[in-house]
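Asker: Could you have a look at this structure, given as structure tokens, before my questions?
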């Protein structure tokens with residue numbers, strides 16, 4: 001089990017894209033298996049029509065990958081703050097039941113607009129309140145806790161090809177509601193989710209197989225290894241070609257992707273020929289005699305092409321091997337197996353209750369193996385730090 005924690009004084013609505021991935025980090029990854037993605041968009045992400053359209057465009061990309069998507073959406077921008085301000089202006093008591101009714105109004109507005117934007121983008125979508133989505137809580141107004149989840153309605157919508165958009169209001173510490181000028185829980189959960197993704201990524205690459213870690217790709221017995229003795233375009237380009245034929249020869253099937261650290265890809269992009277022309281150009285330039293093609297400036301997804309294979313950059317690849325070296329992987333990614341349960345979040349208010357602190361936790365269960373066909377992976381080593 002992989003978990004990330006944060007302690008926050010009077011904290012917990014979460015952040016942007018949180019994929020329940022099977023074998024990649026986002027909707028533009030390169031590994032085939034389809035995932036059910038449950039993604040949370042905080043108030044900043046849906047603050048205005050343009051940002052809502054960006055959310056819709058993101059979902060369109062996910063659907064093109066074949067993924068199923070469920071969205072959880074907070075109120076737009078600072079709308080919740082404005083509703084709280086109005087309540088304080090009109091009421092000195094602010095009855096709990098009426099505060100719940102008021103606060104959820106912002107979420108209901110946001111989910112309806114997001115669903116409309118999705119339909120406009122050609123994606124079937126329906127909005128749901130928390131109760132409509134099957135979240136059953138206790139009767140503690142303004143601080144209710146979920147006691148049961150009946151997800152049948154959401155599952156039926158997903159199976160019918162509809163993207164459910166669920167209102168994301170949850171009870172949090174009263175001090176946060178009363179005093180925080182920002183949706184601080186968005187920040188905390190976004191950071192936790194990023195830390196969780198980074199930890200998972202690093203384990204898949206270099207996990208030791210001990211102390212709760214999965215056995216990562218680099219530590220798997222039997223993978224190929226090709227050292228580079230000449231860190232030049234000729235030396236590295238030839239090593240990649242050698243790695244490609246090695247996978248093809250030993251696995252009897254071709255590799256599917258080249259994975260490297262952004263530092264190494266940046267080095268490739270910096271290379272010039274003898275007439276000071278770049279060896280890597282954007283695909284639209286239709287250059288002649290190129291060593292590779294640049295297709296996007298991105299992370300953990302396809303950024304270009306070499307030897308007819310997509311190139312993916314991954315900042316989780318270590319750059320301190322033998323001091324300052326990084327590695328390049330040439331691999332048949334469909335032979336690697338990653339299962340992850342989907343990211344789960346917990347708020348533990350009792351743990352630090354004595355000082356008005358809550359413990360926030362992001363965790364998941366996972367299994368990974370590159371050992372089914374270790375000959376599907378070749379690691380190119382000896383790549384010393386480039387000079388710029």
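Asker: Name the single residue, out of those in the range 344-380 being at pLDDT 70 or above and part of a loop (DSSP other than H, G, I, E, B), that is surrounded by the fewest Cβ atoms within 10 Å (Cβ to Cβ).
Answerer: If we take residues in the range 344-380 being at pLDDT 70 or above and part of a loop (DSSP other than H, G, I, E, B), then 372 is surrounded by the fewest Cβ atoms within 10 Å (Cβ to Cβ).
Asker: Could you list, in sequence order, the residues of the range 227-264 that are more than 17 Å from residue 311 (Cβ to Cβ) and in a strand (DSSP E or B)?
Answerer: 227
Asker: Kindly check whether there is at least one residue in the range 327-335 that is modelled with pLDDT of 95 or more, in a loop (DSSP other than H, G, I, E, B) and in the same structural domain as residue 215 (by TED's automatic domain parsing).
Answerer: Yes, the range 327-335 has at least one match.
Asker: Among (1) surrounded by fewer than 22 Cβ atoms within 10 Å (Cβ to Cβ); (2) farther than 30 Å from residue 337 by Cα; (3) in contact with a helix residue (DSSP H, G or I) (Cβ under 7 Å, 6 or more places away or on another chain), which single condition is residue 92 missing?
Answerer: Every listed condition holds for residue 92 apart from (3).
Asker: If you don't mind, there's one more thing I want to ask. Taking the range 265-283 on its own, how many of its residues are assigned to a helix (DSSP H, G or I) and buried (at least 18 other Cβ atoms within 10 Å of the Cβ)?
Answerer: 3
Asker: To continue, here is another question. Give the residue that is modelled with the lowest pLDDT, with candidates limited to residues of the range 284-308 that are closer than 25 Å to residue 217 by Cβ and surrounded by 20 or more Cβ atoms within 10 Å (Cβ to Cβ).
Answerer: Result: 300.
Asker: Does residue 69 satisfy the criteria of being crowded, with 19+ Cβ neighbours inside 10 Å, modelled with pLDDT of 90 or more and within 28 Å of residue 340 (Cβ to Cβ)?
Answerer: For residue 69, the condition - crowded, with 19+ Cβ neighbours inside 10 Å, modelled with pLDDT of 90 or more and within 28 Å of residue 340 (Cβ to Cβ) - is not met.
Asker: A further question follows. Tell me, which residue of the range 314-340 that is in contact with a helix residue (DSSP H, G or I) (Cβ under 8 Å, 6 or more places away or on another chain) and within 20 Å of residue 235 (Cα to Cα) is surrounded by the fewest Cβ atoms within 10 Å (Cβ to Cβ)?
Answerer: Among those that are in contact with a helix residue (DSSP H, G or I) (Cβ under 8 Å, 6 or more places away or on another chain) and within 20 Å of residue 235 (Cα to Cα), it is 319.
Asker: What is the residue count in the range 169-195 for residues that are at pLDDT 55 or above, touching a strand residue (DSSP E or B) at 6+ places or on another chain (Cβ under 7 Å) and buried (at least 21 other Cβ atoms within 10 Å of the Cβ)?
Answerer: Within the range 169-195, residues that are at pLDDT 55 or above, touching a strand residue (DSSP E or B) at 6+ places or on another chain (Cβ under 7 Å) and buried (at least 21 other Cβ atoms within 10 Å of the Cβ) number 4.
Asker: On to the next question. So which of 119, 147, 123 ends up being part of a loop (DSSP other than H, G, I, E, B) and either loosely packed, with under 13 Cβ neighbours inside 10 Å or modelled with pLDDT of 85 or more (or both)?
Answerer: Going through 119, 147, 123 in turn, just one is part of a loop (DSSP other than H, G, I, E, B) and either loosely packed, with under 13 Cβ neighbours inside 10 Å or modelled with pLDDT of 85 or more (or both): 123.
The values are calculated or read from the model by the stated rules, or taken from the named source; none is laboratory data. Predicted model only: the values in this text are computed from it and were never measured. Every residue, glycine as well, gets a Cβ built from its backbone with ideal geometry; the counts of neighbours run over all protein chains shown.
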